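Asker: The structure follows.
The values are calculated or read from the model by the stated rules, or taken from the named source; none is laboratory data. Values in this document were obtained by computation on a predicted structure and should not be read as measured data. Positions of Cβ are generated from backbone atoms using ideal geometry, with glycine treated the same way; all protein chains shown enter the neighbour counts. Note: accessible area is taken over every heavy atom of the protein model, side chains too, but ligands, DNA and RNA are not part of it. Shrake-Rupley method; radii C 1.70, N 1.55, O 1.52, S 1.80 Å.
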Amino acid sequence: MKLSRKDILGIKELSVEEITLILDTADSFLEVSTREIKKVPTLRGKSVINLFYEASTRTRTSFEIAAKRLSADTINISASTSSVVKGETLIDTAKNIEAMNPDLIVIRHSAAGAPHMLASLLRQSIINAGDGAHEHPTQALLDMMTIRSRKGRIAGLKAAIIGDIAHSRVARSNIHGLTKMGAHVVVSGPATMLPREIETLGVTACTRIDEAIKDADIIMMLRIQTEREKQNVFPSLREYAQYFSLNRKNIALAREDCIVMHPGPMNRGVEISPEIADGPHSVILDQVTNGVAVRMALLYLLTGGNS
Amino acid sequence: MKLSRKDILGIKELSVEEITLILDTADSFLEVSTREIKKVPTLRGKSVINLFYEASTRTRTSFEIAAKRLSADTINISASTSSVVKGETLIDTAKNIEAMNPDLIVIRHSAAGAPHMLASLLRQSIINAGDGAHEHPTQALLDMMTIRSRKGRIAGLKAAIIGDIAHSRVARSNIHGLTKMGAHVVVSGPATMLPREIETLGVTACTRIDEAIKDADIIMMLRIQTEREKQNVFPSLREYAQYFSLNRKNIALAREDCIVMHPGPMNRGVEISPEIADGPHSVILDQVTNGVAVRMALLYLLTGGNS
Amino acid sequence: MKLSRKDILGIKELSVEEITLILDTADSFLEVSTREIKKVPTLRGKSVINLFYEASTRTRTSFEIAAKRLSADTINISASTSSVVKGETLIDTAKNIEAMNPDLIVIRHSAAGAPHMLASLLRQSIINAGDGAHEHPTQALLDMMTIRSRKGRIAGLKAAIIGDIAHSRVARSNIHGLTKMGAHVVVSGPATMLPREIETLGVTACTRIDEAIKDADIIMMLRIQTEREKQNVFPSLREYAQYFSLNRKNIALAREDCIVMHPGPMNRGVEISPEIADGPHSVILDQVTNGVAVRMALLYLLTGGNS
């Protein structure tokens, strides 16, 4: 099977077959990163632009490593050192990059929809590396890859997603992906962080974390944006931690073989207690390892791996 | 023919034969960027340092892509993360870089003459990627390449350069290049932006844009430094736009087959109206594409392509 | 002989045999940087992460060039653009990097011991590129390589190290290395910069620079942190320069064939006078050239060159 699309903008648009193809391809690339020589010549002569309008370590590094393991050239452009400071529009920046004939552009932007605009205007493949509070598809794909490899399947599992559901692109992409793949998703967080219409996406919402965690196979903790404390979205970090952190006590409500996930970077002691982050249920570092494989798969599939 | 010089510091020093050699070489490299495998092994084992003391997206990215398409290694050094902050002199920084044995150094600096100082002190080839208000030779070369490819020739054409002539390294390099190649250059801008002695460079100066544009084959709009508004070099952006922008109305004065150029990044609605920037006369994105080819040509010619 | 250690954290831990092996290996790599094609395929398919929590030009660039000359892939992570800003702990950042399966991590951090923590937690090889005021082992190795190549030996020589001994990781690493290799080390600086217990490291301390310089074979000037002037560690830069700079007058006290070293970046006119920095005794740029070779040697020895 081939991936017949130019871009990866969100999980919402992907079919079950496409997600499965991507995860299968990622599984096969996982092995490359464990070799003595971690490099295959697949994308030799291709160039990948990492266009990051928001600071990032793990996502940018993961894409860069993925591209290099496939022998592609990578060029990093970050907003802080770019002509963004000179007031150029995103479209003009993008059209300029297009004119230099790269093969693929990875973009992270604070504005929801920025990658979609690029996809519609440029002939290059675009991968959304996170756009505002909208989607972060490669995160959801690596999460699904991790679940599948740990649980053997996604369908029929109960997944709890806990935190600031309203502002989380990780939550949104995972809701689309996990429900599509047949999981039952329960979201939980303070009322101010739970959008009213969220259940229209096919999930169950509850303001008590215990209810979400109960019998869960998967517990996905979201990073709390500590800077929101000042915006009165929640009373205090201490109180947030008291009611919505995952800890030794409430994890007992989940299934005994549950897995704990976090997209990182973690606020230890806020949304997750250190003994859970480092405990036997945690698959947080597997997520990172799988992230490289998922990104290799997407770079491969979008730049000719399907031809 | 060979390029028998170590450095590319300005267009002023180049002969017509040298410019022609560079443009011919660039034409032949243009094709590489359209291949499936956009890479030739020409500069394998060579290393190129991009030493940028001013922020830049397109120029740095263009040089980086050019070097990688030739299989050179690239190392980026930007002032913001360098020991410049520790007060080291430019010469000491440069001598240190020299001691690491790269093959070529690309430098952008806010001080006019900085690349020349490096060229006289270091054994490596130096390419000036913009020095103060002095020269930006690779920009002029890509501009001439674009003109030649669109018009078949440069000699005999009328080129209008509009904007802040006094502070523009793009204007200065193009004035040297275009007059040398036989074009008739007319420059225009507010009186405060038109240096008195500019006509000694062989151009015609006028304060009315219409006069410059009339019958022009080439209209080159310069980016207005919006921060100069505060320095009272011009009354207001609005007024600047009213008198010196290129728009649907005044472009009618130019030749019907005129081409519109801009070095980017554009201030849409200030020095150029959006319908002109995106219109049929615009070759602005061709300039970007040709920029990669020109830089490949220079890297090639300076690091052994002439041996 | 093989290097049977996973990491290079400090000179303190290295044996004379290990230092000799590293210097011998570096000598043999020196030649690569003088070739027409400055690249060997030794580390093809290996990836090196440069994790820099402090700004640096020469060290980061030197490691990056060293890795590329060995055909390794390099990924730069600097604190300013990383999720460090999001409050992630160093350990979590490091565990994340580990999960992406690079082969080697080069770290610079303002906290003494940071590289050691990483070394104990991660399976990857760690190279300390400077940790607080603790150690900077690659600097001391390149210094010893430079001395050995200029003097033919280290044992029996008198080395004077002048400056802020208390806060200098360069001093500390060199004290360990030079005493170990049999040199007699004399340190000198203002009393506030000379730790009381320094002589327990096997060196002689004196507050008069003349005493240190007298009959020295090697004079190693340390960079003065000009920002310490405000902290009242010394009265003024002018006074510091008057009493502790190396100049034409006091260098006459040293051996006629003495060599002058500086780790850079230099404060010309403060700790070293320009005529000495650029004079016949100076081996400052040799240090930089040797730095690339030493780092190539370490990357090689730690990633399989000893297997």
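Asker: Counting only DSSP beta bridges with both residues in the protein assembly as shown, tell me the antiparallel percent, nearest 5. Present the calculation step by step, with values, prior to reporting the outcome.
Answerer: On the way: 3 of 108 bridges.
Restricted to the protein assembly as shown, the bridges split so that about 5 percent are antiparallel.
Asker: Same structure, new question: D for the protein assembly as shown, whole µm²/s, Stokes-Einstein with Kirkwood Rh over alpha-carbon pairs at 37 °C and 0.692 mPa s: what number? Write down the numbers at each step before the final one.
Answerer: Numbers: Rh = 29.9 Å.
After rounding, the answer is 110 µm²/s.
Asker: Any lysines with Cα under 25 Å of the A:Lys12 Cα? List them, leaving off those in the same chain fewer than 8 positions away.
Answerer: Counting by Cα, and skipping residues close in sequence, A:Lys12 has these lysines nearby: A:Lys2, A:Lys151, A:Lys158, A:Lys180.
Asker: Please work out the C-alpha center-to-center distance from the range A:159-224 to the range B:244-307 and express it in whole Å.
Answerer: Between the Cα centres of the range A:159-224 and the range B:244-307 lies a distance of 50 Å.
Asker: What whole number of Å gives the distance from the Cα centroid of the range C:9-62 to the Cα centroid of the range A:1-76?
Answerer: 30
Asker: Which whole-number percentage describes the relative contact order of the range C:165-307, with Cα contacts under 8 Å and a sequence gap of 6 or more? Display every interim value, and only then the final one.
Answerer: On the way: 174 pairs, mean separation 28.3, N = 143.
Relative contact order, the range C:165-307: 20 percent.
Asker: Follow-up question, since we're still on this one. Taking Cα atoms, how many degrees apart are the long axis of helix B:169-180 and the longest axis of chain B, rounded to 10 and kept between 0 and 90?
Answerer: For helix B:169-180, the angle is close to 80 degrees.
Asker: Could you tell me which of rounded, prolate or oblate describes the range C:31-184, using a ≥ b ≥ c as the square roots of the eigenvalues of the alpha-carbon gyration tensor, with rounded for a/c under 1.5 and, failing that, prolate when a/b is larger than b/c and oblate otherwise? Don't skip to the end; give the middle numbers.
Answerer: Numbers: a/c = 2.24, a/b = 1.30, b/c = 1.73.
Since a/c reaches 1.5 but b/c is at least a/b, the shape of the range C:31-184 is classed as oblate.
Asker: I would also like to ask the following. How far is B:Tyr243 from the same spot in each other copy, in nm, shortest first, if each label point sits 7 Å from Cα toward Cβ?
Answerer: 6.2, 6.2
Asker: Enumerate by residue number the GluC sites (Glu not before Pro) in the range C:214-283 meeting two conditions: DSSP loop (anything except H, G, I, E, B), and at most 10 other Cβ atoms within 10 Å of the site's Cβ.
Answerer: On the way: sites: C:Glu227, C:Glu229, C:Glu239, C:Glu256, C:Glu271, C:Glu275; in loops: C:Glu256, C:Glu271.
Filter output for the range C:214-283: C:Glu256.
Asker: Please give the per residue accessible area of the protein assembly as shown, computed with a probe of 1.4 Å over protein heavy atoms only, in Å². Before the final figure, lay out each step's value.
Answerer: Values: 32840 Å² over 921 residues.
In whole numbers, the protein assembly as shown has 36 Å² accessible per residue.
Asker: Using only alpha carbon pairs under 8 Å that are at least six residues apart, calculate the relative contact order of the range A:252-307 and give it in whole percent. Before the final figure, lay out the partial values.
Answerer: Numbers: 24 pairs, mean separation 18.2, N = 56.
RCO, the range A:252-307: 33 percent.
Asker: Just to confirm the number: angle between the C-alpha axis of helix A:137-151 and the first principal axis of chain A, 0 to 90 degrees, nearest 10?
Answerer: For helix A:137-151, the angle is close to 60 degrees.
Asker: Give, rounded to the nearest 20 debye, the magnitude of the charge dipole that the range A:66-184 has about its Cα centre when Lys and Arg contribute +1 at Cβ and Asp and Glu contribute -1 at Cβ. It would help to have the intermediate numbers written out before the result.
Answerer: Details: 14 positive and 9 negative charges, 136 e Å.
In total the dipole reaches around 660 debye.
Asker: Same structure, new question: Considering the dipole of the protein assembly as shown built from charges on the beta carbon (Lys and Arg +1, Asp and Glu -1) around the Cα centre, which of A:Ile107, B:Ser71, B:Met220 is farthest to its positive end?
Answerer: Sorting the options by dipole projection puts first B:Ser71.
Asker: Divide by every residue of chain C the summed helix terms, -39500 (n - 2.57) for each DSSP H run of at least 4, and state the resulting mean residue ellipticity at 222 nm, rounded to the nearest 500 deg cm²/dmol. All intermediate terms of the calculation are to be shown ahead of the outcome.
Answerer: On the way: 10 runs with 106 residues, N = 307.
Rounded to the nearest 500, the figure is -10500 deg cm²/dmol.
Asker: Please pull out the direction-averaged projected area of chain A, using the convex hull of its alpha-carbon atoms, in nm² to one decimal place. It would help to have the intermediate numbers written out before the result.
Answerer: On the way: hull surface 62.7 nm².
If I average the Cα hull's projected area over directions, I get 15.7 nm².
Asker: Give me the inter-chain shielding for A:51-58: mean count of other chain Cβ atoms within 10 Å, whole number please.
Answerer: 5
Asker: Still on this structure, please answer the following. Using 0.36 nm times the number of residues separating B:Glu54 and B:Ile91, minus their current alpha carbon distance, what extension gain do you get?
Answerer: Values: separation 37, 0.36 × 37 = 13.32 nm, distance 1.68 nm.
Difference between extended and current length: 11.6 nm.
Asker: May I pose another question? Set the Förster radius R0 to 51 Å, insert the Cβ-Cβ distance between C:Arg44 and B:Lys249 as r into 1/(1 + (r/R0)^6), and round the FRET efficiency to 0.05. If you can, show how the numbers build up before the last one.
Answerer: Numbers: r = 60 Å, r/R0 = 1.17.
After rounding, the FRET efficiency stands at 0.30.
Asker: Tell me which GluC sites (Glu not before Pro) from the range B:67-136 have a DSSP coil assignment and no more than 10 other beta carbons within 10 Å of their own. Mind showing how you got there, number by number?
Answerer: Details: sites: B:Glu88, B:Glu98, B:Glu135; in loops: B:Glu88.
Here no loop site has a sparse enough neighbourhood.
Asker: What does the copy distance list look like for B:Thr34, label position 7 Å along Cα→Cβ, in nm and ordered from shortest?
Answerer: Sorted ascending, the copy-to-copy spacings read 4.5, 4.5 nm.
Asker: Can you give the relative contact order of the range C:147-210 as a percent, counting alpha carbon pairs under 8 Å and 6+ residues apart?
Answerer: Numbers: 94 pairs, mean separation 21.6, N = 64.
Relative contact order comes out at 34 percent.
Asker: Sort the following peptides by mean Cβ neighbour count (other Cβ atoms within 10 Å, averaged over residues), highest first: A:22-33, A:292-303. Spell out each step's value before the answer.
Answerer: Values: A:22-33: 18.8, A:292-303: 25.7.
Ranked from most to least packed, the peptides come out as A:292-303, A:22-33.
Asker: Give me the percent of accessible area attributable to carbon and sulfur for the range B:92-163, probe 1.4 angstrom.
Answerer: Answer for the range B:92-163: carbon and sulfur cover 51 percent of the accessible area.
Asker: What does DSSP give for chain A in terms of the percent of beta bridges that are antiparallel, rounded to the nearest 5?
Answerer: 5
Asker: State whether the range A:210-307 is rounded, prolate or oblate according to the following rule on the C-alpha gyration tensor (a ≥ b ≥ c being the square roots of its eigenvalues): a/c under 1.5 gives rounded; otherwise a/b larger than b/c gives prolate, and the remaining case gives oblate. Each step should come with its number before you reach the end.
Answerer: Details: a/c = 2.69, a/b = 1.58, b/c = 1.70.
Oblate shape, in that a/c is at least 1.5 and b/c is the bigger or equal ratio.
Asker: Measuring label to label, 7 Å along Cα→Cβ, what does A:Val16 give against each other copy in nm, shortest first?
Answerer: For A:Val16, the other copies' label points sit at 7.3, 7.3 nm, shortest first.
Asker: Still on this model: Compute, for the range C:1-60, the length of the dipole vector about the Cα centre, with Cβ point charges of +1 (Lys, Arg) and -1 (Asp, Glu) only. Units Debye, rounded to 20. Don't skip to the answer; put the middle values down first.
Answerer: Numbers: 11 positive and 9 negative charges, 77 e Å.
Here the range C:1-60 has a charge dipole of around 360 debye.
Asker: Please compute, for peptide A:89-102, the average count of beta-carbon atoms on other protein chains lying within 10 Å of each residue's beta-carbon. Don't skip to the answer; put the middle values down first.
Answerer: On the way: counts 5, 0, 2, 10, 4, 0, 6, 13, 5, 3, 13, 13, 11, 4.
The shielding value for this peptide is 6.
Asker: What does the buried accessible surface come to for A and C, summed over both chains, with the probe at 1.4 Å? Round to 100 Å². Let's see the in-between values first.
Answerer: On the way: alone 13410 and 13380 Å², together 24340 Å².
Chains A and C together bury roughly 2500 Å² of accessible area.
Asker: Sticking with this one: At what distance in nm do the modelled label points of C:Lys2 and A:Lys214 sit from each other, each positioned 7 Å from its Cα along Cα→Cβ?
Answerer: Inter-label distance under the simple model: 5.8 nm.
Asker: To the nearest 20 debye, what is the magnitude of the charge dipole of the range A:210-285 about its Cα centre, counting +1 on the Cβ of each Lys and Arg and -1 on the Cβ of each Asp and Glu?
Answerer: On the way: 9 positive and 12 negative charges, 57 e Å.
Dipole magnitude for the range A:210-285 comes out near 280 debye.
Asker: A follow-up question, please. Under 10 Å, Cα contacts only: if you run a Gaussian network model on chain A, which one of A:Arg153, A:Arg35, A:Arg248 comes out with the highest mean-square fluctuation?
Answerer: Ranking A:Arg153, A:Arg35, A:Arg248 by mean-square fluctuation puts A:Arg35 first.
Asker: For the range C:1-151, give me the percentage of DSSP beta bridges that are antiparallel, rounded to the nearest 5 percent.
Answerer: Values: 1 of 18 bridges.
So the antiparallel bridges in the range C:1-151 amount to around 5 percent.
Asker: Run the accessible area of the range B:1-84 with a 1.4 Å probe and give the carbon-and-sulfur part as a rounded percent.
Answerer: Working: 1620 of 2930 Å².
Accessible surface attributable to carbon and sulfur in the range B:1-84 totals 55 percent.
Asker: Next question. Measure off, as a whole percent, the carbon and sulfur share of the 1.4 Å-probe accessible area of the range C:166-307, all protein chains present. Could you put the intermediate results ahead of the total?
Answerer: Working: 2820 of 5890 Å².
Here it works out to 48 percent.
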